[in-house]
Amino acid sequence: MKTVTFLCLLATLAVPAAFADSPMKSLQFEQQKQQVMKDVKKTCTPGKNMSDADFSNKILASEENKMHVRDATIALDRNNQKNYWNAIGQIQCPDM
C-alpha cells in the first residue's frame, strides 16, 4: 500500500515538472523564428507595405522554404552558424 501511495505522489510531482519546460521552449522557438525571419529579410526584401506576419506567411507558403526555415532553426538551436547561413541562403524569395 505504501508503494502505491508513493508512486501516486511521485507521479503527481513529476507532471508539473514535465510541463514547466514547455513555456520556455515556446518562448525560445518564437525568438528563433524572429531571428530567422530577420535574417531572411536580408536576402528577400519585402514590400514596404508588407507586415512581418504577411512576409512570414509568404516565405512559409512553400514546402521547400518551410524545410529550410526548419533547418535554420535547428542550426540556430545547435549554435551552428555555417549550417544556419546555408539554410537561410537556400530559401527562395517569393514574388512580393
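Computing the accessible area with a 1.4 Å probe over protein heavy atoms, can you report the carbon and sulfur percentage for region 47-89?
47 percent
Would you mind calculating the gained length between residue 31 and residue 62 on full extension (0.36 nm times residue separation, minus the Cα-Cα distance), in nm to one decimal?
Difference between extended and current length: 9.0 nm.
Measuring with a 1.4 Å probe in the full set of protein chains, what accessible area per residue, in whole Å², belongs to region 33-96?
Numbers: 4290 Å² over 64 residues.
Using a 1.4 Å probe on heavy atoms only, each residue of region 33-96 averages 67 Å².
I'd like the Karplus ³J(HN,Hα) series for region 31-40: coefficients 6.51, -1.76, 1.60, θ = phi - 60°, whole numbers in Hz, and an x wherever there's a Gly or Pro.
Per residue, the Karplus-derived 3J(HN,Hα) values read 5, 5, 4, 5, 5, 4, 5, 4, 6, 5 Hz.
The values are calculated or read from the model by the stated rules, or taken from the named source; none is laboratory data. Note that the structure is a prediction, hence the values are computed from the model and not measured. For the accessible areas, the whole protein counts, side chains as well, though only heavy atoms, and no ligand, DNA or RNA atoms are used. Shrake-Rupley method; radii C 1.70, N 1.55, O 1.52, S 1.80 Å.
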